[in-house]
Structures are given as structure tokens and as C-alpha cells.
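Below is one structure, written out as C-alpha cells; the observations come after it.
We did not get these values from a lab; they are worked out from the coordinates using the rules stated. Just so it is clear, the model here is predicted, and its values are computed rather than measured. Because the Cβ atoms are built from the backbone with ideal geometry, glycine has one as well, and the counts that use them run over all protein chains shown.
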Amino acid sequence: MSVLAENLLSDAVLADSYGAVRKRAQAELMRHGFPDIKTEAWKYTSLRALEKRSLVPGEHQPASPPPVPFDHHLLHIDAGRLLSDSSSLPSGISIEPVDSNRLAGLDYGNRGGAFGWLNLARFEQGLKVVINGRLDQPLMLALTTPDGHADACHPRIEIELTAGSRACLVQLDSSNGSGLVNAVIDLKVGENARLDHALSRHNGDAIWIERLDVALAAGADYRLVTLDGGGRLTRQDINVALNASGARCEVDGSVLIGARQHVDFHTAIDHCVGGTNSRERFRMLADGNGVGVFNGRIHIHPGADDSHSDLNTGNLLLSEQARINTKPELEIHAEEVTASHGATVGQLDEQALFYLRSRGLSAEAAANLLKTGFAAAPLETAVDDAVRQWLLANLGDWL
Amino acid sequence: MNQTVEQVDRYIRQRYKAGFYTDIESDRVPAGLNEEIIAMISAKKEEPEWLLEWRLKAFHHWQTMVGPNWAMLKLPAIDFQKIHYYAAPKQQDRPKSLDEVDPKLLETFDKLGVPLHERARLAGVAVDAVFDSVSVGTTFQKELAEAGVIFCSFSEAVKDHPELVREYLGSVVPYTDNYFAALNSAVFSDGSFVYIPENTRCPMELSTYFRINARDTGQFERTLIIAEPGSEVSYLEGCTAPMRDENQLHAAVVELVARKQARIKYSTVQNWYPGDENGKGGIYNFVTKRGDCREDDARISWTQVETGSAITWKYPSCILRGDRSAGEFYSVALTHNHQQADTGTKMIHLGKNTTSKIISKGISAGKSNNSYRGLVRVARRADNARNYTQCDSLLIGKTCGAHTFPYIESANPTATIEHEATTSRVGEDQLFYCRSRGLDEENAVAMIVDGFCKEVFKELPMEFAVEAKALLEISLEGAVG
């Protein structure tokens, strides 16, 4: 048994109504094992940092939900369990346990999807949130861990927007601990529904692995704007399936990586049928000896004619020790499509720096202005004004 | 539009013109792969002991390896014990000149349009012709020798220039490099050897033509080109095979060494038998090609036009070791029917101020799958490295696939890397525009495809560019819709 399997799995399957699901997930995980750098999807991300961690259970005071400068409905999940009072939520939002039949049909594939299986085997409390109608305020989903948390937790949340609904989901991931957060979030956007999703994350020493699976019905519209402030080891998978004609998605992100940090974003947009559109733009800034990994995959399935897709990734290396590995992929199996991607890796433009300095800015201020301009562009697409301002303020604080 | 589809289909079904078989008696080693077979090949080639040892080391390493499974290819299991690893036309002794070569062989190369005899003088290209496992003749050797250039078969080089072979063999592609390179190192038969002395510009284009003829054989040639400081050479490579229902394996290794300010241009028009319209037969083309810009200001340029082979697995690469060294890769890869191609390049920037350029054009038709897979790696010390990559795919028909997998790894903040890729179909508006100018549909399609590939064709030597263009048109006939 690998070090990770010893640390993260237990012989005793959790005894609750999901027993069969958990048993199967654990068996799949044992069969495939955890990924290593020979696993294509984990080629640039080693799990050594996780292997070396001693994950220790302990009693801790739950974290407070992080403050945000706009009105919102709150779902606060700490170490995988719901803390906030769900009775204060408006009538358009209902919460129920996740359906074990649905979980039984999930398939996270082989070794590359090991953490999906792990979550299924070990999740603390599966929550399903149904949004019906148009929300008057953003719904804030705060995923936290208690201060000093050094254990593993496996939050699992499903959010479903019924047909024609519209919502703004603000997700805030934060941990001050040194443990593992292994989250799985399933989003289902119904026919002609629209979900504006903002994801902000800033971690210190915690290891954060998160998988976001999004399924879009006919005419559904999904917009994700993400700002990642870096962490010791962060791995974010974003999988969007455009399942019916008229579905569209836009995925924008900025990732700031500092010294001794490793952030890996893997995105996959699947055009399963024709008449679907996607656009994606990611920017990474790596400083110190930080490592940034971006893998963006566009997959247009057979028969998905009249699909259109564009992916762009821009990367800045800000120090001699920093590294960026980026791979924009296209897999096209249909004819009447347009698909394109672009990728750049470079440094701050010396001419622009010179120009700013000639206007009286210090070297640091000039560099900050350029970095902010570079990283802010994807965040500008956030639709809600207050959310956009909040993301830009976070960017300013974290740069 | 339907009319175009039919037209292109008809065009593509045109028979593979190089698919004939030459009935010639051949001498071959028994099928199978083991130490005795390797010793037998080495003995037939009268090789020195060190080379046999090297082959056996490669074989032992190969036995510890598993085949690559990461490419976007459906690779059928290959029974390596069923292949004959050496086959050569039967003859008493190696012919001393072209006049002694079996006329049947000369006729074969004539039919393929490869001038080995008097026409060669008119073409002005020196040719090394490799038939199954042996070189049957090399032209212009005397004229080249006057300039100090060595151009001969690999087997001759082992005998006549063992010090050069020993120094450079495996120095760019070691036998441990990958599964098929290890296999080739164990069983390689013939290939070309080129040595350009210091400050010499090779007086003519050099060319090798590879022909697989015998049944149940594989071709495992090895090519080594050494360009000394200040030298320059342009090398062309072509290949064909008979039409057969069985698959045949071609696993070659090409090593290029460019020293200070040397320039190597390596062009390939790959036209191995691609299999029939149902995907039956065809060559498995698993090739390792790599150039080493070993010293400052060296330049290596790869140009390839890939229209043949049932499966292509090939990534001509450049190691940009010297400061200011430059690597280029220009590629047109066309797949049709059930062909599969996973091809691209690697540009490894190690030296300072190194530059690389990648232009890749993929055309997919029928039920084929065509993938570009590339790596641009900038090492920590490669200050001011610069890369530009453009890879475009053209889709013709609803059942084919075009894929792009570019790996970009940068560990130096002064590097600038740009990558662009697009995938689209032959536009109806483009066809309409051409047709409204009086072109028929076939010519309109040919013109659009030609325009799509122009950036690559202009890098080919003229004779090859004409051949490549014609080959592409033939391969595309009937495919565009």
C-alpha cells in the first residue's frame, strides 16, 4: 500500500447510508492507486508534500465565515460539515442530503481521478443545494477549515439550478491549517438557467485539492471567474460538460503563485453536442520559486458540429527560480467547428516598465501596476459589480 | 458541397502509385528477435566487436521496456518475434559501382522516380538508395569525396570511418531513449552516413531513398549526419513500400550533430503505404529523429511532409545546446481513411539566446486521426530563449479528428514563448469564392490546401516541393467536403 493510501484510507468504511457507495469508491481507489508524475494528468504535480504530511485528527474551534463586503446568503461548510443556519436561507434555496443512487453512478476513472474516489469514500456530509428561481443576492459558499486544522477533510456539495433559474454563486475557499482539503463540487445548470460563479481562494500551508464538475443543459449559461492567491500545494480540476444545444460557458481565471507554492489548474471543456460555445482565459503569475501548471483541454465530440471554442493562457515568470508549465489542448472530432487556442510565457515588458518609471513611478510600483493589469483582465468579466470589486480588491491585497 | 465530398473521395481512392512489388530473390535472417539474430545481423555486416556489444546492450535494455501508450494512437500489439530483422537482395558481393547493381533494383528506383543512373547527373542530387536492409548504391561519392564530404551507407561508414561512427553513434539518441530507439539500436541494418568537414558547404543536395520490399520484414535504418564547424548540408529523405494487407514495421533513428556555426537542413517526404480505405495493411512508422545543436550558432531545420503510413509516431526534435543556436520544424501531416498520426517536435532550449520556430499543418480526412504533439522546454540557464509555434488543423469530413497537445515548460523569466493553434474546416465561402473565379471544385480544394501548407512547402528544396505538392493533391483527391 502506498504512503498516501496508508495516510488517507482506513480499513473501516464509514457506517452511514452511503456505505455501499463508499465501499465501491474505496475499492476503486485501491485498485487504481494514487497518481504520481508518470500519470499524465499529474505530470507536473508531485504529491510528495502530501506524503510527508502527518495528518492528525484533533478538536478545533470551527472557523468563522470570512467577511465579504456585499449582502449575501450564506452556506458555511467547515471541515466538510455545514455550520451555517440553513433556515435563514430564502425560499428559492433548499438543502437536502445528496442522493446515494446518483453517487452510485459516478465514475472518476483511473488513477488521475483518485481524489474524486477518495472524496466519495470519505466525504463527511454530502449536501445538495437546489436553487429555484432568481436569487436576489449572491449565495456565498464558504469552504473553511478550523484554525490549526491538520487533518484531512472531504467536503462534497451538489448545487442544482432548476430550469430558467438565475444565481450568482460566490465560493470562498480558505484554510489556515496544515491539513488536506479534498473537495468535490458538482454543479448542474438546468435549461436556460444561468449561473455566475466566482471562486476566490487563498491558502497558506494547507494542501487543497478540489474538483469542480459542471453539467449544462440546453441553453444553460455558466460563467466562472476565479482568483487563486496560491498555496503550498493546490490542485484544481474544472470540468465543464456542454450537454445540450445552446449551452455556453466562459471560464476566466487569474492565479498568483509565490515562493514555495505550487498551483495546478486542469480545465476540460467538453462540447458533447453541437450548437455549443465556450471561451476560456487563464493568466498565471509565478514569483519566488513558485511553480504554476495549467492544462486546458477543449474536447469537441463526434457530431458536435457548429461548436465554437477559444482558449487563451498567458503566463508571467517574475523571478529566476519560478517555473510555468502550460498545455492548452484541442481534441476535435467534428467538422463544422472553430477551435483555437493561444499560449504565451514571458516576463514583464521592459519598455512598459521604463515608460512607467519615466513617469515617476518606483520600480516596485511600476511592476505592481503591470502585474495588476495583467491579472485583473480575467476578473473584469465578473458580472456582479460588488463581486468584481471584491475580487479586484483581493487581487490588490495578494499581489 | 456533396459533390466536393464525392470528388475528393474519388481522388483519394486513386491507387497508391508506389505500391508495386519487385520480385527479386532475397537473403534474410529467420524471423524472431534474440541475441543470435542480432549476432547474425552484425556478422552479415562484418561489424567490429564493439558494435555488436552495443547492439546487445540495447537489446537487453529494450527487454526491460514497455511500448509507449501515451500517444493518441490505437496501437495494435506487435509480435516482434514474427518479424524478419534483416532482408537483402541476393548478390555475390556488394557492387562496387552502380553498373554492377542488379538491373531489377535500378528499375525499381527508376519506377519510383529516384534517379540512380545517368538521370542522376541531370538532377544533381546525390542519392543513397536503401532497399529493405541494405544500401544498394550511392551516387556521386567521388565528386563528394573531392570536397571532403563523406556520403555513404551506414555499413560502409562502420568499416571505413569507425572512429567517427563510434564517437557519434548514440550520442544524440542513446539506446535508452525510448522503446523503438532501443529496438532500432539492437537490430538496425542500414541507413546513410554523412560527414561534412569544417567550413565546407556540401556541393549538392544529399538524398536517401528508403524502400521496403520484402514481406514480413521491418526496416530499421539508422542515419547519422555530422556537420563540422562552419559547414552546411541539405539532406532529403523519401520512402515508399508495396501495398500489402499485412502491416510492416519501420522503426528508424536519425541523429544530427551540428557543431559551431554549422547548418543542417533535413527534409522528408514520407509516403509509406498507408493501408487501404478500410484500414487494412500499411506501414507502422515509429521514428526517432533528433538534432543536436552542440555548439554556438548552430542551426538545424526539419521539414516534413507526411502523407503515408498507417500509423505515424514521430517527433523530429532539436536540442539547442549552443548559445544562439536555432531550431526549426516545418510539417505538413495529412491523414485519410483510417490513418493515424501523432507527430510533432521537441525544442529543448539549453543555451542562451536560442531560438526555435514550429510551423505545423495537419490535414485530417476520412476516418483518420491526426495529432500534433510538441514540447517547448526552456531550461533555467537559457536566457533570452525565444520560441514561436503555430499549429493549424484542417478538417475534411465529419468522421475525422484533429488534435493538438503542446507542452510548454519554462524555467527562465527572460524567455518568450508564443503558441497559437487553430482548427477549422475547408470553408464553403472559400470554395465558393474560388469557384466564382472559374476554378472547378477539385482545383479550388487543391488551391486552398496548397495555401494552407504554403509556409511549409516553401522550406522544401524545389524538387521535393513539387513532389510534395503533387503527393498531397493525390492523397487529398476525393477527400474535401
Item to complete: Taking amide H positions as placed in the peptide plane 1.01 Å from N, state which residues far from A:Ala215 in sequence (5 or more) or on other chains have amide H under 5 Å from it.
Response: A:Leu187, A:Lys188, A:Val189, A:Ala241
Practice prompt. Return the sequence-ordered ³J(HN,Hα) values of the stretch B:411-420 in whole Hz as given by the Karplus equation 6.51 cos²θ - 1.76 cosθ + 1.60 applied to θ = phi - 60°, using x for Gly and Pro.
Written response: 10, 9, x, 8, 7, 10, 10, 10, 9, 9
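Once the piece of chain linking A:Ser100 and A:Arg357 is laid out straight, how much longer is it, given 0.36 nm per residue of separation minus the C-alpha distance between them? Walk me through the numbers on the way to the answer.
Numbers: separation 257, 0.36 × 257 = 92.52 nm, distance 6.04 nm.
Taking A:Ser100 through A:Arg357 to full extension adds about 86.5 nm, to one decimal.
So, with +1 on the Cβ of K and R and -1 on the Cβ of D and E, and no other charges, what is the size of the charge dipole of the stretch B:284-355 about its Cα centre, to the nearest 20 debye? Provide the component values of the computation, followed by the final result.
Working: 9 positive and 8 negative charges, 22 e Å.
Taking the Cα centre of the stretch B:284-355 as origin, the dipole is about 100 debye.
For the protein assembly as shown, what is the calculated [θ] at 222 nm in deg cm²/dmol (nearest 500), taking -39500 (n - 2.57) for each run of four or more DSSP H residues and dividing by its residue count?
Details: 20 runs with 201 residues, N = 880.
Mean residue ellipticity, 222 nm, calculated: -6500 deg cm²/dmol.
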Fill in: Amide hydrogen neighbours beyond the local backbone of A:Met140, cut-off 5 Å, H modeled
A:His73, A:Leu74, A:Leu75, A:Val170
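Apply 1/(1 + (r/R0)^6) to the Cβ-Cβ distance of A:Glu380 and B:Trp50, taking R0 = 41 Å, and write down the FRET efficiency to the nearest 0.05. Display every interim value, and only then the final one.
Numbers: r = 65 Å, r/R0 = 1.60.
Efficiency, from the Cβ-Cβ distance: 0.05.
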Discussion item. At a threshold of 8 angstrom on Cα-Cα distance, excluding pairs fewer than six apart, so keeping six or more, what relative contact order does the stretch A:3-347 reach in percent?
Written reply: 11 percent
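Given the pairs A:Lys38/B:Lys44; B:Lys159/B:Lys265; A:Lys327/B:Lys367; A:Lys327/B:Lys82, which span a C-alpha to C-alpha distance of over 31 angstrom in this model? Walk me through the numbers on the way to the answer.
On the way: A:Lys38/B:Lys44 41 Å; B:Lys159/B:Lys265 26 Å; A:Lys327/B:Lys367 26 Å; A:Lys327/B:Lys82 39 Å.
Table pairs above 31 Å Cα-Cα are A:Lys38/B:Lys44; A:Lys327/B:Lys82.
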Worksheet item: Roughly how many nanometres apart are two label points built 7 Å out from the Cα toward the Cβ at A:Ser46 and B:Met462?
Response: 5.6 nm
Worksheet, complete the sentence: Along the stretch A:348-354, Karplus-curve 3J(HN,Hα) (6.51, -1.76, 1.60; θ = phi - 60°) to the nearest Hz, with x for Gly and Pro, reads 4, 6, 5, 5, 5, 4, 4
Worksheet, complete the sentence: Between the modelled labels at B:Glu163 and B:Asp79 (7 Å from Cα along Cα→Cβ) the distance in nm is 4.8 nm
Worksheet entry | Projected label distance in nm at A:Ser10 and A:Ser88, using a 7 Å step from Cα toward the beta-carbon | 3.2 nm
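With r defined as the distance between the Cβ atoms of A:Ala393 and B:Ala43 and R0 fixed at 60 Å, what FRET efficiency is calculated, to the nearest 0.05?
After rounding to 0.05, the efficiency reads 0.20.
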Response to the item:
Among the stretch A:80-115, those whose backbone N falls under 12 Å of a label point 7 Å along Cα→Cβ from A:Ser2 are A:110-115
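Peptides B:147-154, A:364-371, B:269-276: what's the order by average Cβ count within 10 Å, highest mean first? It would help to have the intermediate numbers written out before the result.
On the way: B:147-154: 20.9, A:364-371: 15.2, B:269-276: 25.0.
The densest-packed peptide leads the list: B:269-276, B:147-154, A:364-371.
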Worksheet item: Where does each of A:Arg279, B:Arg381 land when they are ranked from fewest to most other beta-carbon atoms within 10 angstrom?
Response: B:Arg381, A:Arg279
Worksheet entry | Within the stretch A:3-347, percent of DSSP bridges classed antiparallel, to nearest 5 | 5 percent
Worksheet item: Which lysines does B:Lys352 reach when only Cα atoms under 21 Å apart count, and residues fewer than 8 places away in its own chain are ignored?
Response: B:Lys260
Discussion item. Only bridges whose two residues both fall in the protein assembly as shown count here: according to DSSP, what percent of them are antiparallel, nearest 5?
Written reply: 10 percent
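Work out how much length A:Thr39 to A:Glu320 would gain on full extension: take 0.36 nm times their residue separation and subtract the Cα-Cα distance, in nm to one decimal. Please list the in-between numbers first.
Working: separation 281, 0.36 × 281 = 101.16 nm, distance 2.78 nm.
Stretched fully, the A:Thr39-A:Glu320 segment lengthens by 98.4 nm.
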